[in-house]
1. Find all pairs meeting these conditions: Cβ atoms under 7 angstrom apart; at least six residues apart or on different chains; first residue within the stretch 235-251 and part of a loop (DSSP other than H, G, I, E, B); second residue β-branched (Val, Ile, Thr) and at pLDDT 95 or above.
2. Considering only residues of the stretch 291-303 that are in a helix (DSSP H, G or I) and touching a strand residue (DSSP E or B) at 6+ places or on another chain (Cβ under 9 Å), which is surrounded by the most Cβ atoms within 10 Å (Cβ to Cβ)?
3. Right, residue 327: touching a strand residue (DSSP E or B) at 6+ places or on another chain (Cβ under 9 Å), touching a residue at least 40 places away in the same chain (Cβ under 8 Å) and of a type outside the set (Val, Ile, Thr) or not?
4. Could you tell me how many of the residues in the stretch 1-46 are in a helix (DSSP H, G or I) and closer than 28 Å to residue 114 by Cα?
5. What pairs come up if the first residue lies in the stretch 47-67 and is without any contact (Cβ under 8 Å) to a residue 24 or more places away in the chain and more than 14 Å from residue 89 (Cα to Cα), the second is loosely packed, with under 13 Cβ neighbours inside 10 Å and of a type in the set (Asp, Glu), and their beta carbons are under 7 Å apart, counting only those six or more places apart or on different chains?
6. Go through the stretch 36-52 and count every residue that is within 12 Å of residue 134 (Cβ to Cβ) and surrounded by 12 or more Cβ atoms within 10 Å (Cβ to Cβ).
7. Quick one: which residue in 299, 303, 322, 307 is modelled with pLDDT of 95 or more, within 18 Å of the chain's Cα centre (by Cα), closer than 27 Å to residue 109 by Cβ and of a type in the set (Val, Ile, Thr)?
8. For the subset of the stretch 200-215 comprising residues that are surrounded by fewer than 20 Cβ atoms within 10 Å (Cβ to Cβ) and not basic (Lys, Arg), which member is nearest to residue 264 (Cα to Cα)?
Amino acid sequence: GTMSRLALHIKAIFFRALQSIFTFYDLYLSQPIPQRASFTRRINSTISSNPGSFDLLFFTPPSYTLPSTTKASPPIFSTSSTKKHPLLINFHGGGFTIGHARDDPRFATSITTQTSAVVVSVNYRFAPSYPFPTAIEDGVSAILWLWRHADEYNLDISRTALSGFSGGGNLAYAVAIRLQQELEQLRKEGKLVGEGKIVSLVIFYGSVDWTQTRQERDASNPNLIPTIPPSLFKVFDEAYLYPMPADMRDPLLSPGLASDEVLRNAFPERLMMVNCGGDQLLAESEKFRERLVGLGKRVDGGVVEGVGHAWDKKATFGRGDVKRDEAYAGAVKHLNEVWA
């Protein structure tokens, strides 16, 4: 049966604590140690039916000048001398229930050291307190805020890309779809301030089809390497899907089932998808890749064989992880091309 909301809250707190210990091993006890966020901004969720605020963590390249915190207006940047930076907006994993925007600093460091981009990781609000679709609305709010404040933060918003890991990958797809709806609405009302362009989605092992049960997903991969206990999936799914959505084919839940028209309009011409050979999500993600290619999109990336879901987040201590480094290098190459 379903857990009470209270039981879900207690389990979520427990799993969050456990996850932060594993993350500590990965980020602070494994070489090389990634950079930390340069600064944080707290913003309001402007399009959510659930009012509230959340943090944006900024990871900046060496060439980036911090915005002046004085109240001088216009901002201190002299645009002539300062090149504007492309923008990568990242959504961390954790089944919409656990994790933190600081969980992907290795990936962020790859980007900030090998491109000129600023990476902004979104600390969207969590289920069970904030179930579907709050995290998606927070993501759209974050994009609109960054686009509105592009001059202040010296961002070239015509080169905006989204990235996401696991649940965050599902979010990035959904955010692109929901953003499109919001932009159309704002345009109609003449309220659009600062419009950027999404030039890529870089998705690591994101789920795309919620009509599949977890059992069906497991059965879809003969080479399954289980990494997440079913009890944790149960918490994720019950926490986020509340009340249970009437239609699991909703494109904001199952972007893999969105209409051709929605995908053509909401997704950029180029994407990148990195999937895991031992993942329960492999079949649905690769099917989605084929569908996007059929719609004329170019989809870079591929399948990393012999690894389970979220393999790149495992602590390696002194060993390093060649497959992780290769996948991140692929993302760097892809982004440098779409930002060129």
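The values are calculated or read from the model by the stated rules, or taken from the named source; none is laboratory data. From a predicted model like this one, the values you see are computed outputs, not experimental measurements. So basically every Cβ, Gly included, is an ideal-geometry build from the backbone, and we count neighbours across all protein chains shown.
1. Pairs found: 248/211; 249/211; 251/177; 251/262.
2. Restricting attention to the stretch 291-303, the residues satisfying the condition of being in a helix (DSSP H, G or I) are 291-294.
Right, trim to touching a strand residue (DSSP E or B) at 6+ places or on another chain (Cβ under 9 Å) and you get 292-293.
Values: 292: 19, 293: 12.
Result: 292.
3. Values: touching a strand residue (DSSP E or B) at 6+ places or on another chain (Cβ under 9 Å): yes; touching a residue at least 40 places away in the same chain (Cβ under 8 Å): yes; of a type outside the set (Val, Ile, Thr): yes.
It is true that residue 327 is touching a strand residue (DSSP E or B) at 6+ places or on another chain (Cβ under 9 Å), touching a residue at least 40 places away in the same chain (Cβ under 8 Å) and of a type outside the set (Val, Ile, Thr).
4. Keep residues of the stretch 1-46 that are in a helix (DSSP H, G or I), which gives 5-28.
Still in the list and also closer than 28 Å to residue 114 by Cα: 20, 22-28.
Counting residues in the stretch 1-46 that are in a helix (DSSP H, G or I) and closer than 28 Å to residue 114 by Cα gives 8.
5. Sorted first by the residue in the stretch 47-67, then by its partner, the list stays empty.
6. Step one: list which residues in the stretch 36-52 are within 12 Å of residue 134 (Cβ to Cβ), which gives 45, 47-52.
The next check asks that each one be surrounded by 12 or more Cβ atoms within 10 Å (Cβ to Cβ); those that pass are 45, 47-48, 50, 52.
Counting residues in the stretch 36-52 that are within 12 Å of residue 134 (Cβ to Cβ) and surrounded by 12 or more Cβ atoms within 10 Å (Cβ to Cβ) gives 5.
7. On the way: 303 fails: within 18 Å of the chain's Cα centre (by Cα); 322 fails: within 18 Å of the chain's Cα centre (by Cα); 307 fails: within 18 Å of the chain's Cα centre (by Cα).
Every option except 299 fails the conditions.
8. Taking the stretch 200-215 first, the residues surrounded by fewer than 20 Cβ atoms within 10 Å (Cβ to Cβ) are 211, 213-215.
Checking the rest, the ones that are also not basic (Lys, Arg) come to 211, 213, 215.
On the way: 211: 22, 213: 27, 215: 31 Å.
My answer is 211.
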